[in-house]
Structure formats: C-alpha cells, structure tokens
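Bear in mind that the values in this text are calculations on the coordinates, not laboratory data. The structure presented is a predicted model; accordingly, all values stated were derived computationally and were not measured. Don't worry about glycine lacking a Cβ; one is built from the backbone with ideal geometry, like all the others, and counts go over all protein chains shown.
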Amino acid sequence: MKGQPVYYINGIGILSPQKTFDNDAFLTELSSYHENVLTCVTPEFKNYINPIQLRRLNRMLRIGLTAATICLRDAKVQTPEGIITGTGYGFLDETAKFLRELLQQQEKQLTPTYFMQSTYNALSGLIALSVKCMGYNNAYVSRGLAFENVLDDAMLRLIENPDANYLIGAFDEAAEVQYSASIRETYFKAEHIHNLDLFNTTTKGSIQGEGAAFFMLSGKPSDTTWCVLHDMQFIYNPADAEEVKNGVAAFLQKNSLSIQDIDLWVDGASGDIVRDSVIKELAQTTFKGIFHTRFKHLCGESCTASSFALWLGASIIRHQHVPDPLKLYPEKNPAQLKTVLIVNQYMNKNFSFFLLRQK
Amino acid sequence: MKKTVDELVVELRAELIKQLNLEDMLPEGFNENTPLFGEGLGLDSIDSLELVVLLDKNYGIKLKDPKEGRHVFYSIRTMAEYIHQNSTRV
C-alpha cells in the first residue's frame, strides 16, 4: 500500500429513501415502505436552494442540488476544482414528459424546460452555475457502473493534482417508466413486499430505489475528513463467481491486505434469488466469518446504489458503530471498525469493490 | 364573444403562475402592470422562451421580432393587450 495514492472523503451529502440528509444522525430511525418503490426522504428545499432557482427545478434536480449543497457545506468548500456526476438512467420522468409533449404537439411549440431538465448533465451544470465552478465538469451515463466511472475519473485527476477538491456524485430516480419496464423483465419483484423484509424473500427481482449522493474527494485530508478511500475497482460481466472471487483476492493483495484485515464487509445483495448468486457465494466462501452488513433493503436497487454503500461505509467508520438493524453476522460489533470493504453488484453483471479506512 | 383585455389579464395571470411555477413566488404588490423581467418579477431568458411558446400554443400568435417581444412581455397587461389585438382565438 506504500506509495499508492490515497483519497480523502472530506464531505458528504446524501438524500435517499432513509432520512440521511442530516449528517449528525446516523440511521437513528428507519423508514419502512409497504410497496416496491422507495422514494427519497427530503428536507425543506428552501433551506438549500434559493426560491428563484427552486421554482423551475424538477424533483430530482432539487434532490441532487440539495445533496450537493449539503456536501459542500459539510466539506466547508465553496467552489470545488471540478464536478463529476454519474447516473444510470438520468432524468427519466422529465424525458417522458418531453417525449410525450413532442408527440402531442407534433414536434411544435415545445417548452424548453422539459428538454433542459431531461439531459444527463443537467445536474452537474446546475451545481456548477450555483457555485460558480468554471472547472472540469462531466457526467457519466454508464448504467450499473456510472458512479464507479465517476470515482475513477476523480481519482486519476487527483493523482495529477492532490490538492484539488472534486465534488463527485451520483443520482438515479425511481421513475414510473423504468418501473413498468423492469417489472416485465423481472428486475423488480411482481409481488408487494415490505422493504425491511427484502432479504427474506425467495423470488426474482428487487425493489426500486432512488437517491442522490455527493462526496468531496481530495488527495489531502482536512478537519472535515470522514475517512480514506484507499482504492476502488470494478469488474464488468464476469464469467462466473470464481472471477469475482479472484478479483477480490487480487484487489486485497494489491492493497497489501488479507481477508482477516477487513473489519466489516458491506455486500450489495439486492434480494433477488437469482441475481444474488455471486454475492451469496462470496459470503459462504471468501468472507466466511467476517463481520457483515448489507444495505439495499434501505435504499432499494438502482444503477448507482453503490453511492449509498459508500456513504454507509464512511458513516460506519466515522461513527464507529453499525446500527442494530444492519447487523447480519456475527451480531456483535468487532472491537474496531477501521477497514471496510464494500462489494456491490448490479444485476449480477457489474461488480465493484471499495476499500475504506479510518483517517 | 371575444374576450376583453381584463378577462385576458385574469386568464394570463393564472396561466403564468402555472407555467412558470410562480406559486408562492409573487412579490407583495404584484399586479398586471408589474414588469415581468428585471426589477419586477425577475424572470429570465428561459422564461421568455416559455412565454413565446405560451403565446403560440394558447393564442396562435408567433412572435418573430425579438424587439417586439420586449414590449409585449413587459407586463401581464401588455401581453393581454397584444393578444387582444392579434389573436383570432380569443
């Protein structure tokens, strides 16, 4: 691990189906849902966005801009050197409105707002305008690895300029159009379940989630540092579980760690009896006996759910505590929570590993 | 029967609030003579595009000269007067 660049998470802002917008409270109360669509718990937007700006923003832009604002305030950074966002599907609801109007109006007399707010880079542009950031601005739209691509980009940039602050984030919305299509493909469960019982189900599909999470990433620590992001890696479409197991082993070896060095691993199981197969195998083999938690019963499944996992891992290290409803096995907290490994999966095709350590 | 300017003022006010999400945003003392842009309501260039589309969609009026727009979109009353004079749909 010596000589390898490290990255500091110096601020976080996240809006999710749980009450996560308050950085001082760490899952003190859990939101439960009796339907398969989990939507964001939001604060009063007027506390974060000026009313003139607020009136034209759609729900997801409000959520994204609020999360980014919370992150900037948390990191005590006014203007970052760059802004990078990632999304699996972008603003699907707004895209649907735009396309509907296009059809209804026979491609004439289209209102500009729907179009502007349906573009993938609308959020990163909006944040840049809000904080007057003239620096690097990019948006990745790469389905289940969108957030991982954002991180990859920021990490490469920080190697060149470790002093810089990059505001990086991810967002995906629980859009109706995606829900109906996903039900047909059995990506989401056909039967209604209670979200906190997600991992007790034995059927195909997960539950739909959404959220926006922002992180201030820098090569230098600050007095607001949550934890260190030591490394991140992803695998696309592995041939079998063995390839993922070998990937985990190589990732740990690259970082001079063994499985026993991991105080907690966070898995990205989605409650899908079929698509969780690799994660289940990892739990029974590679990570057997390692303190363990999972998160998708809290935030639902989305292309960028790994951003929720990164917040969860960083929060656990910061608070040195795993909330009781999240404990899986063994139930007793380890003596320390210094090294956290997140292993996320999306559709059993996109796998990513995040290694977090205490500052 | 053709709508009067005053009827159009009432109709436009409701339409503007809906189209531009101005609910809870109207400043104290706002009326049909308050300037929509600048020191008045503070609308911006995107709003002006929305207003151009609104004129076309609801009243069948196509504004082609940007200079004309400055006068037409000065206030709700100037919009109502312009629609009253130029629209065949009211």
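Once you have a ≥ b ≥ c as the square roots of the Cα gyration tensor eigenvalues for region A:251-316, tell me rounded if a/c is under 1.5, and otherwise prolate or oblate according to whether a/b is larger than b/c. It is oblate, given that a/c is not under 1.5 and a/b is not larger than b/c. Straight-distance candidates among the lysines for linking to A:K296, with alpha-carbon spacing under 16 Å and chain neighbours fewer than 8 residues away dropped: A:K19, A:K189, A:K204, A:K280, A:K327. The charge dipole of chain A, taken about its Cα centre with unit charges on the Cβ of Lys, Arg, Asp and Glu (plus for the first two, minus for the last two), comes to roughly 500 debye. Ranked by the mean number of other Cβ atoms within 10 Å of their residues, highest first, the peptides B:29-35, B:71-77, A:307-313, A:192-198 fall in the order A:307-313, B:71-77, A:192-198, B:29-35. Per DSSP H run of at least 4 residues, take -39500 (n - 2.57); add these up for chain B, divide by its residues and hand me the 222 nm value, nearest 500 deg cm²/dmol. Per the formula, -16500 deg cm²/dmol.
Counting only other chain Cβ atoms within 10 Å of each residue's Cβ, the peptide A:336-342 averages 0.
Both radii are taken from the alpha-carbon atoms of chain A; with Rh as the Kirkwood radius, Rg/Rh is 0.95. With q set to 0.10, 0.12, 0.14, 0.16 Å⁻¹, the log10 of I(q)/I(0) for region A:7-218, from the Debye formula over equal scatterers at the Cα positions, is -0.47, -0.67, -0.90, -1.13. Each peptide among A:290-302, A:233-245 gets the average number of other Cβ atoms lying within 10 Å of its residues, and from highest to lowest they stand as A:290-302, A:233-245. Counting Lys and Arg as +1 and Asp and Glu as -1, what is the net charge of the other residues whose Cβ lies under 11 Å from the Cβ of B:H71? Spelling it out: positives minus negatives among the neighbours equals -1. According to the Cα-based calculation, Rg over Rh for region B:5-86 is 0.92, with Rh computed by the Kirkwood formula.
Which shape class, rounded, prolate or oblate, goes with region A:226-337 when its Cα gyration tensor gives a ≥ b ≥ c as root eigenvalues, a/c under 1.5 marks rounded, and past that a/b bigger than b/c marks prolate? Taking the square roots of the gyration eigenvalues as a ≥ b ≥ c, region A:226-337 is rounded. As a proxy for reagent exposure, ranking B:Y82, A:Y120 by other Cβ atoms within 10 Å from fewest up yields A:Y120, B:Y82. In region B:5-86, Cα pairs under 8 Å separated by at least six residues give a relative contact order of 39 percent. In chain A, the calculated helix contribution to ellipticity at 222 nm averages -9500 deg cm²/dmol per residue, counting -39,500 (n - 2.57) for every DSSP H run with n ≥ 4.
Of all lysines in the structure, those lying under 17 Å Cα to Cα from A:K220, and not within fewer than 8 positions of it along the same chain, are A:K2, A:K76, A:K359.
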